[in-house]
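The values are calculated or read from the model by the stated rules, or taken from the named source; none is laboratory data. What you see is a predicted model; the values in this text were computed from it and never measured. Methodologically, a virtual Cβ is constructed for each residue, glycine included, from the backbone with ideal geometry; neighbour enumeration extends over all protein chains shown. Surface areas here come from the heavy atoms of the whole protein model, side chains and all, with no ligands, DNA or RNA. Shrake-Rupley method; radii C 1.70, N 1.55, O 1.52, S 1.80 Å.
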Amino acid sequence: MSSSSSSSSSSSSSSLLSPLQLPMKPIPGDCGHTFFGPFRDRLAYFYHEGRDKFFENRIQKHKSTIIKTNMPPGPLIASCPRVVCLLDAVSFPVLFDTSKVEKRDVLDGTFLPSLAYTGGHRVCAYLDPSEPKHTSLKSFILSTLSARHHKFIPLFQTGLSELFNELEAQISSKKEAYFNTLSDTMSFNYVFRLFCDKSPSETRIGFKGPKLVDKWLLFQLAPLGSLGLLPNLLCYFEDILLRTFTFPFFLVKSDYKKLYDVFYEFGSSVLDEAESKFGIERDEACHNLVFLAGFNAYGGMKVLFPGLIKWVALAGQKVHKKLADEIRTTVEVEGGATLSALNKMVLTKSVVYEYLRIDPPVPFQYGKAKVDFVIQSHDAAFEIKKGEMIFGYQPFATKDPKVFENPEEFVGDRFVGEGEKLLKYVYWSNGRETEETRAGNKHCAGKDLVVLLCRVMVVELFLRYETFEVESGTFMFAPSVTFKSLTKVSSP
């Protein structure tokens with residue numbers, strides 16, 4: 001999709017042609033003054049325009065899906081917020097090519113939270129595959145997940161049963177139920193049980209796990225968030241509060257120690273393997289385990305599951321009926337909601353992929369150019385210089401109208417039959433959906449598990465209910481979902 005070129009030629013870029021004979025152009029965009037430009041852009045991004053409009057307006061202004069702009073948080077937290085922004089399906093995959101881009105310390109974009117939040121270690125998510133520790137740490141993570149694959153479905157089904165029971169009870173008593181809190185509790189319990197073979201309620205953290213992790217996550221990611229305030233004096237106060245200085249670790253030090261201690265104690269079998277099989281020191285392995293469980297897994301689920309429920313609800317009753325028919329028929333034939341049964345539910349699988357396409361839970365990807373190279377959009381080519389920060393806004397790549405028909409519409413059967421060929425343009429996992437995660441790449445280690453759990457959630461939902469209605473909004477980084485009604489399956 002993108003091609004590499006060593007641009008040592010001194011001739012005008014307008015006279016060059018890319019390998020696909022696309023005209024070379026300078027990358028358009030206005031980053032403005034070193035200090036005031038980033039401040040201007042982040043106010044537009046968070047308050048005056050909003051995230052999607054921010055990018056849409058600049059595409060229209062510059063007539064290009066590859067532009068230069070500033071990304072939050074900017075000064076004083078990030079000294080260099082200028083990025084080359086990729087906003088189409090053709091250019092975006094260069095961010096997966098680690099021969100061209102470096103993934104060192106770019107998880108959160110143009111700034112790196114204090115390493116005190118991870119025990120002084122650069123955990124696997126911060127490492128480029130070229131760094132020696134990356135392979136051993138990611139191999140450890142992949143091995144840990146593989147050893148627990150037999151628990152994935154039954155453990156999640158147990159958690160979902162508890163969640164649905166509580167949803168029904170709250171709707172019965174309050175006429176509505178806020179899904180996010182219940183989902184967070186279920187998610188943390190699932191992750192902890194998966195890695196530690198213990199319910200967190202049986203440990204010293206009791207039922208406080210989600211709140212401990214939420215606080216730890218918030219203090220790291222606050223510079224990238226907003227309460228969604230309207231453009232007024234209050235929004236300027238929020239901007240100064242969140243994006244002038246990072247929050248110091250000492251404010252969550254005791255909370256993080258509680259998390260570290262319970263994973264150190266009850267994750268001993270995982271840590272034993274890290275030491276004996278992969279040669280990772282126990283302390284470093286434990287900080288990576290906390291990050292995997294708290295940031296990657298639980299933090300991802302905080303966004304993933306409310307988003308899934310929101311989009312399945314919006315799909316409407318006709319899609320609900322089709323899902324229910326497929327799910328119940330397959331489960332009856334297969335004798336249960338087994339992995340074999342799940343793999344035969346083509347509509348259910350497509351609905352999950354469509355959600356991950358239209359509203360990817362992690363919308364941002366970053367990488368720093370390792371070399372000079374040429375990148376292509378649909379209609380032009382541009383030269384990227386070594387050292388430039390590259391940013392991809394994934395929702396625009398996976399809603400590219402030149403790839404997907406009716407890209408803004410949720411089409412449940414989009415990936416059924418011939419539609420499966422479009423899966424190579426689904427990028428939610430820091431890679432193509434059609435490619436595998438390996439120790440030597442930055443593809444999400446839990447890629448297959450994420451898709452599996454989403455499918456199980458949809459299956460269990462429609463084994464129990466005919467249809468449902470929700471109200472949704474956005475709070476900080478995640479969709480906010482409130483169930484308004486649940487129609488249970490009628491008894492035969």
Tell me, how many Å apart are the Cα centres for segment 36-59 and for segment 169-237?
-> 28 Å
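Quick one: putting +1 on the C-beta of Lys and Arg, -1 on the C-beta of Asp and Glu, what dipole do you get for the chain around its Cα centre, in Debye to the nearest 20? Present the calculation step by step, with values, prior to reporting the outcome.
Working: 58 positive and 56 negative charges, 114 e Å.
Dipole magnitude for the chain comes out near 540 debye.
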Amide H contacts under 5 Å for Y465, restricted to residues at least 5 apart in sequence or on another chain and with H modeled in the peptide plane, are V489
Could you calculate the contour length gain from N57 to S130, that is, 0.36 nm times the residue separation minus the distance between their Cα atoms, to one decimal place in nm?
-> 22.6 nm
Where the centroid of each part is defined by its Cα atoms, how far is segment 238-269 from segment 270-302 in Å?
-> 15 Å
Could you give the length gained on full extension between H378 and R328, defined as 0.36 nm per residue of separation minus the Cα-Cα distance, in nm?
-> 13.7 nm
Order the peptides 165-171, 118-124 from the highest to the lowest mean number of other Cβ atoms within 10 Å of their residues.
-> 118-124, 165-171
Using alpha-carbon positions, the gyration tensor of segment 38-178 gives root eigenvalues a ≥ b ≥ c; with a/c under 1.5 called rounded, otherwise prolate if a/b exceeds b/c, else oblate, the class is oblate
Report, to two decimal places, the Cα Rg of segment 301-426 normalised by 2.2 N^0.38 Å (N = number of residues).
-> 1.32
Count neighbours as other Cβ atoms within 10 Å of each site's Cβ, and list the GluC sites (Glu not before Pro) in segment 392-492 that are DSSP loop with at most 15 such neighbours.
-> E405, E408, E409, E435, E436
Can you run phi through the Karplus equation (6.51, -1.76, 1.60; θ = phi - 60°) for segment 334-351 and list ³J(HN,Hα) in whole Hz, with x for Gly and Pro?
-> 7, x, x, 8, 8, 4, 4, 5, 4, 5, 8, 8, 5, 5, 4, 4, 5, 4
Express the accessible area of the chain per residue in Å², computed with a 1.4 Å probe while the remaining protein chains stay in the model.
-> 43 Å²
For the chain, whose charge dipole is built from +1 on Lys and Arg Cβ atoms and -1 on Asp and Glu Cβ atoms, the candidate among P129, V450, P361 with its Cα farthest towards the positive end is P129
Reachable lysines from K257, Cα under 19 Å, same-chain residues fewer than 8 places away excluded?
-> K198, K208, K211, K215
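Can you tell me the dipole magnitude for segment 187-310 around its Cα centre, using point charges on the Cβ only (Lys, Arg +1; Asp, Glu -1), in Debye to the nearest 20?
Around 440 debye, computed over segment 187-310.
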Which distance in Å, rounded to a whole number, links the C-alpha centroids of segment 309-339 and segment 102-117?
-> 40 Å
Return the tail of the calculated pair distribution for the chain, meaning the percent of Cα-Cα pairs more than 36 Å apart.
-> 32 percent
Set K103/K138; K370/K442; K53/K424; K68/K424; K53/K399; K53/K421, cut-off 18 Å on Cα-Cα distance; pairs above it are K53/K424; K68/K424; K53/K421
Report the one residue of F404, F250, L347 whose Cα lies farthest in the direction of the positive end of the charge dipole of the chain (charges on C-beta: Lys and Arg +1, Asp and Glu -1; origin at the Cα centre).
-> F250
Please report, as a whole percent, how much of the solvent-accessible surface of the chain comes from carbon and sulfur atoms (probe radius 1.4 Å).
-> 56 percent
Checking rank on 342-351, 274-283, 186-195, with mean other Cβ inside 10 Å and highest first, the result is 186-195, 342-351, 274-283
Using θ = phi - 60° and the Karplus curve 6.51 cos²θ - 1.76 cosθ + 1.60, what whole-Hz ³J(HN,Hα) does each residue of segment 76-90 get, with Gly and Pro shown as x?
-> 8, 6, 10, 6, 9, x, 6, 9, 8, 9, 9, 10, 8, 6, 7
Looking at the chain, send over the antiparallel percent of its DSSP beta bridges, to the nearest 5.
-> 80 percent
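Rounded to the nearest 500 deg cm²/dmol, what is the calculated helix-only ellipticity per residue at 222 nm for the chain, with -39500 (n - 2.57) per DSSP H run of length n ≥ 4?
Details: 16 runs with 210 residues, N = 492.
The helix contribution divided over the chain gives -13500 deg cm²/dmol.
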Heavy-atom accessible area ranking, 1.4 Å probe, most first, across S472, S79, S143 = S79, S472, S143
